[in-house]
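Read through the structure below, which is laid out as structure tokens, and then see the notes.
Bear in mind that the values in this text are calculations on the coordinates, not laboratory data. Remember, it's a predicted structure, so these values are computed and weren't measured experimentally. Cβ placement follows ideal geometry from the backbone for every residue including glycine, while neighbour counts extend to all protein chains displayed.
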Protein chains: 4
Amino acid sequence: MRFGAGIWLFSQFIDRYATDAYGPAVSTIEAIERAGAVGDLEVLDINYPFSDPGITVEEVLRALEANRLSTWCITPHIYTKQFRGGAFTNPDPDVRRRAIALCEEAVHVARRLGAPTVKLWPGQDGFDYPLQADYGELWRLAIDGVSTVAAMDPAVRVAIEYKAKEPRNHLTWSTAARTLLGIAQTGRDDIGIVVDLGHSLFAKEAPADVLQLVHDHGRLFTIEVNDNWREWDDDMAVGSVHLVETLEFFLGVRSIGWDQPILLDQFPFREDPVEAARTSIHTMRAIGSAIDRLDLEALEDAQRRQDPLSAQRLVADLLLGQTPVA
Amino acid sequence: MRFGAGIWLFSQFIDRYATDAYGPAVSTIEAIERAGAVGDLEVLDINYPFSDPGITVEEVLRALEANRLSTWCITPHIYTKQFRGGAFTNPDPDVRRRAIALCEEAVHVARRLGAPTVKLWPGQDGFDYPLQADYGELWRLAIDGVSTVAAMDPAVRVAIEYKAKEPRNHLTWSTAARTLLGIAQTGRDDIGIVVDLGHSLFAKEAPADVLQLVHDHGRLFTIEVNDNWREWDDDMAVGSVHLVETLEFFLGVRSIGWDQPILLDQFPFREDPVEAARTSIHTMRAIGSAIDRLDLEALEDAQRRQDPLSAQRLVADLLLGQTPVA
Amino acid sequence: MRFGAGIWLFSQFIDRYATDAYGPAVSTIEAIERAGAVGDLEVLDINYPFSDPGITVEEVLRALEANRLSTWCITPHIYTKQFRGGAFTNPDPDVRRRAIALCEEAVHVARRLGAPTVKLWPGQDGFDYPLQADYGELWRLAIDGVSTVAAMDPAVRVAIEYKAKEPRNHLTWSTAARTLLGIAQTGRDDIGIVVDLGHSLFAKEAPADVLQLVHDHGRLFTIEVNDNWREWDDDMAVGSVHLVETLEFFLGVRSIGWDQPILLDQFPFREDPVEAARTSIHTMRAIGSAIDRLDLEALEDAQRRQDPLSAQRLVADLLLGQTPVA
Amino acid sequence: MRFGAGIWLFSQFIDRYATDAYGPAVSTIEAIERAGAVGDLEVLDINYPFSDPGITVEEVLRALEANRLSTWCITPHIYTKQFRGGAFTNPDPDVRRRAIALCEEAVHVARRLGAPTVKLWPGQDGFDYPLQADYGELWRLAIDGVSTVAAMDPAVRVAIEYKAKEPRNHLTWSTAARTLLGIAQTGRDDIGIVVDLGHSLFAKEAPADVLQLVHDHGRLFTIEVNDNWREWDDDMAVGSVHLVETLEFFLGVRSIGWDQPILLDQFPFREDPVEAARTSIHTMRAIGSAIDRLDLEALEDAQRRQDPLSAQRLVADLLLGQTPVA
């Protein structure tokens, strides 16, 4: 297994109640250094603009090199104040143009940092209230936006991160299937999907199912991992709530032959971020070892029969250890 | 507005606790007579096999005529005991063949009853447990099943009714987008979708959104309506919980120019079914009248600006009446 | 650990779609024999009336003895057809009297079978629709009902099984706290609670939290276990979805010093019930062994600091095994 | 109807994504002025500390008087950075003492502003992860905290605002029943509850039910209103999603004889706050007028029979208008 992380894991957290933030401000350079301190990360998903307009791409590159990290993708901040009413789906064409312009900068920065991908997470695109929006128009604008960004540079592809809600009450790119459908409408093959284990749990999907589905459609561009309580994007340590489904997800990751890094997407509001990252990596390595010990043939045999009790026994023995019969 | 109903609305209800049923047994013929008693229904969605093997298609036809009803679609019982482990996705090829054979009978019956559509609701197709199934294989089998049925008779098309769960813990055809995606994979244009307002609420979709989406893909074959508490398919009277979104849904129905019947899908376990149907029709007619009074231009103007407060005021004035300023 | 089961685990299952049932009819005597075949069960929760009016208490006793089982509690069928509109909360006083009369029979049967408890699960008590009920009146009727049953025989106490919904859309006894509150209003000390792990997950509680809460109030009368997807009472094998919280629950069971049987509450619709029970017992034994290996002091130390990462590492190491550092 | 608002409605919003905030900074004085601009508000729930340490109680009083507003309650900021690990339930006794000290200041300020109540919303009290906390200890600390604050000044009572989650993944005071239970454990009669319509919807309660329950226990100290999608505390305009249950809630408010102000609890991230408040008030007034027109006897009669279809027809006729029979 190879690992990476979203740089926000190492940044300052804030929410609508602790408006004085959960910790001190952290620059992009400091966040890279924290990521380096984890010791097991190879790549970062880096937000653009950087924390400070004075920070140059060269400085970021140097910091990455100093910490033996490279850039997996650039994620433009298309969900901040100026885009609070939407980025690609904003009713105001001027704001939409600004969103596209920011994405264009992100594409350039991706090139310069050697990242093959710009990740788009249009967290303000969607709607809050019933009857607020013309859904057909929202969908057209959303598809136009990602298509426009994908067309900017043949060397930089686009990965869409879907999520059911937050900060909008309903996001336009909400589920894996919806996103595959929208991508098909673009007619482009340089647009793919971020399968985020937590967003999938939160969308009430079976994560291993949509991993396979997105892979089978040739749209699996990147994988992010975390856990949550399935009602919100809690961004918790990997496997901390849904250990069985997390194990199943990593079985899927292995089965499709994924050999790229897997990225952490955590918000350790109240914990040390370096330790939070290490804990997830520790868990994922242990899951990997557990999978090495799993009798895959027996599992496949159970699945051929769609036999849940045999599958459940295999998992219980794997996770809880052989236990003497009474 | 024109109305129809699923015949089950007028049948006997049972569940896993009241195993002695909520009411007496009802034959297909008696259910048709109850449907006729509603007074406002034009069409029925009829389950096949009929309640009793002795009932002939001719008898059903006569009962329909006597009650001024026609057949909107035939829904084969591919979710009874023999299909408890799945119909199209059953691991046993013999059971899969039996499911296809039953669908073939349903296609014939649809022809003879003059119904243009066989509705497929594979309620046992999917999985219950993590690690129980090979998801790629499940999806292939699911798509093969509906394709095979669609190919049976050029005069009878197939409509898939998606639902998130029940009786399986996870159904294969779970959301509108997932179903559109699977239909696209079939490459056929005679497979469409039942947009069921309740299933859409239950899937945490915005019903008016997916109505538009399915319509835009040319896959809107039939519409069913009811309400629920958004966590289960409670099959309640229309508009009883989510009145605002129901109003929005009917605005969408009008906006796409739907002039076909809208079918009730209710399970009035503890109420008189004829009165339950009438109550929903009463509500839908009143919604229709309310929409007649709505200032559509003002709503469209609000939606162009994605302005929820203006939309909310229009709805509040429509539903609650003009109220004197304090 | 000691085990028991609800007798329904070994009975016939039916639901609103597979109305021809998931398996053949099973008599109370046959269900007892199946329970005996599991090999690890000590006690049963037995529904009354028995499957057939011809079955006598003596026959049940003999069957229990032949299978080395005893009766943990009697659960009257106050949720069948005649009680579809409610048992204790039914608007019709005649039906309420019938419910009380059936409970009185159950109390007598409990005595004769040597069971210390009548379990009340008023699954039809509550409401389906907004505005359907006078909530204050519902609550009074619900409390009156359980009080009346508790007062019947000083040797037979009452345990209330709370559940959020089903078959009613909203049940009156919905959560642990609500049930504790209602019990306090009765002023009786012979009314307690069934903490059902699955109902607790489904109610979005933290099961280990409410186990402690109910225990601290002196109201923990019985414990039932299973798992689900947290949106419905799926009654699945123990630990199959929420393994981490199930482990935490069993830590709680040990911590409060529970030495009574723990009862299985499963509905293995599509599986062999004896194997389904054995699988859950296998998992619970393995959880017990895992707890034996857990460094409880380290866990308590983490909990004193409310330190989730340390707790998570302990659990990961316990369930996934020590893994070599990369 | 009389109205008030939480002062935060008029303040600056921020969240974890739009970390540059949804609007400019707003001082406590400016927020009071905005509240005054609504034109229909009588009282405010005011956060303490004020936005700026330089603002005095006298300045606040003058601003309130200038805007014809008074103070309904003071809500201490026990959920900011210093309390991110919990206020009353923080594992560190020093932080717990600081929380108590801040509440003591809030009690003094309440006195000086003439507010009868300090509202406690311990949004950081609870837990995020399974196995993180000793639940019994958490509960004891939570109860101790509110008891200590209630004991500070006989003229200032305490109202607990329960909420299921956020910012903690699980809050200690989570539901109405749980909160009633904890209050009973304090043995005090100066501790009550804020029934927040949105928190109740979000907790999957029936809001009109818990309003009655809390009232019947003599613990209804204050009422807050808003709406949400029932999965998160979206803090939307009143009646915008759950209009039928909102109507039922206001029927309950009238039925218990509530003549105190009802407070808005909204977060209009993307809307003008004054207009957002006015829209909710507009809706509530219209609901009040609708209730005036409702045939209460007919509704009570339906409820006596627990007849949902009659209730539904009354509501449909009230909200949608009499409609001609086809």
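Things worth noting here:
- Segment D:150-215 - convex hull of the alpha-carbon atoms, volume per residue in Å³: 91
- Estimated purely from DSSP H runs of n ≥ 4, each contributing -39500 (n - 2.57), the mean residue ellipticity at 222 nm for chain D is -13500 deg cm²/dmol once divided by its residues.
- Coordinate range along principal axes, alpha carbons of segment B:22-107, Å, largest first: 44, 30, 24
- Segment B:173-322, relative contact order in percent, only Cα pairs under 8 angstrom and at least six apart counted: 18
- Note that segment C:86-92 has calculated 3J(HN,Hα) couplings of x, 9, 5, 9, 4, x, 8 Hz, one per residue in order, obtained from phi through the Karplus relation 6.51 cos²θ - 1.76 cosθ + 1.60 (θ = phi - 60°); glycine and proline are x.
- Summary value for segment B:2-73: 38 percent relative contact order, contacts being C-alpha pairs under 8 angstrom separated by 6+ residues.
- Bridge type composition, chain B - antiparallel percent by DSSP, nearest 5: 10
- Kirkwood-Stokes translational diffusion coefficient of segment A:47-194, alpha-carbon pairs, 20 °C, 1.002 mPa s, µm²/s: 137
- Under a 5 Å amide H cut-off, with hydrogens placed 1.01 Å from N, C:TYR48 pairs with C:THR75, C:HIS77 among residues at least 5 apart or on other chains.
- Residues whose amide H lies under 5 Å from that of B:VAL225, counting only those 5 or more places away or on a different chain, are B:LEU197, B:LEU263, B:LEU264, B:ASP265; hydrogens are built 1.01 Å from N in the peptide plane.
- For D:ASP190, no residue 5 or more places off, or on another chain, has a built amide H under 5 Å of its own.
- Using the Cα coordinates of the protein assembly as shown, the gyration tensor eigenvalues translate into equivalent-ellipsoid semi-axes of 42, 37, 36 Å, sorted from longest to shortest.
- Candidate lysines - alpha carbon under 20 Å from D:LYS119, same-chain residues fewer than 8 apart omitted: D:LYS81, D:LYS163, D:LYS165
- Exam field: C:GLU33 pseudo-label spacings to other copies (7 Å along Cα-Cβ), nanometres: 4.3, 7.6, 8.6
- Convex hull volume per residue for segment A:277-322, taking Cα atoms only, in Å³: 76
- Test item: C:159-167 mean partner chain Cβ contacts at 10 Å: 2
- Once you reduce segment B:20-45 and segment A:65-120 to the center of their Cα atoms, the two points are 58 Å from each other.
- Among the residues of B:55-63, the average count of other protein chain beta-carbon atoms within 10 Å of the residue beta-carbon is 0.
- For the rotational copies B and A, the chain B residue with its Cβ nearest the relating axis, together with that separation in Å, is B:ALA177, 2.
- Using the alpha-carbon positions of segment C:195-262, Rg (one decimal) and Dmax (whole number) come out as 11.0, 30 Å.
- For segment B:71-150, the calculated P(r) over all alpha carbon pairs, in 10 Å bins from 0 to the bin holding the longest distance, is 20, 50, 24, 6, 0 percent.
- Among beta bridges identified by DSSP and lying wholly in the protein assembly as shown, the antiparallel ones come to about 10 percent.
- Segment A:28-162: relative contact order in percent, alpha carbon pairs under 8 Å with at least 6 residues between: 24
- Distance histogram in 5 Å bins (all Cα pairs of segment B:43-89, percent per bin): 5, 19, 24, 22, 13, 9, 6, 2
- In chain C the Cα-Cα distances spread across 10 Å bins starting at 0 as 6, 26, 34, 23, 9, 2, 0, 0 percent of all pairs.
- Placing a label point 7 Å from Cα along the Cα-to-Cβ direction at D:GLU104 gives distances to the equivalent points in the other copies of 6.1, 6.1, 8.5 nm, listed shortest first.
- Number of partner chain Cβ atoms within 10 Å, mean per residue of D:131-144: 6
- The phi torsions of segment C:234-245, fed into the Karplus equation with coefficients 6.51, -1.76 and 1.60 and a -60° offset, translate into couplings of 6, 6, 8, 4, 4, x, 6, 10, 9, 5, 5, 5 Hz, rounded to whole numbers, with Gly and Pro shown as x.
- Kirkwood Rh and Cα Rg combined as Rg/Rh, segment B:1-69: 0.99
- DSSP beta bridges fully contained in segment B:158-307 are about 10 percent antiparallel.
- Couplings 3J(HN,Hα) for segment B:221-228, derived from phi with the Karplus relation 6.51 cos²θ - 1.76 cosθ + 1.60 (θ = phi - 60°), are 9, 7, 10, 10, 9, 4, 9, 6 Hz, where x marks Gly and Pro.
- For D:ASP259, label point 7 Å along C-beta direction: distances to other copies, nm: 5.9, 6.1, 8.0
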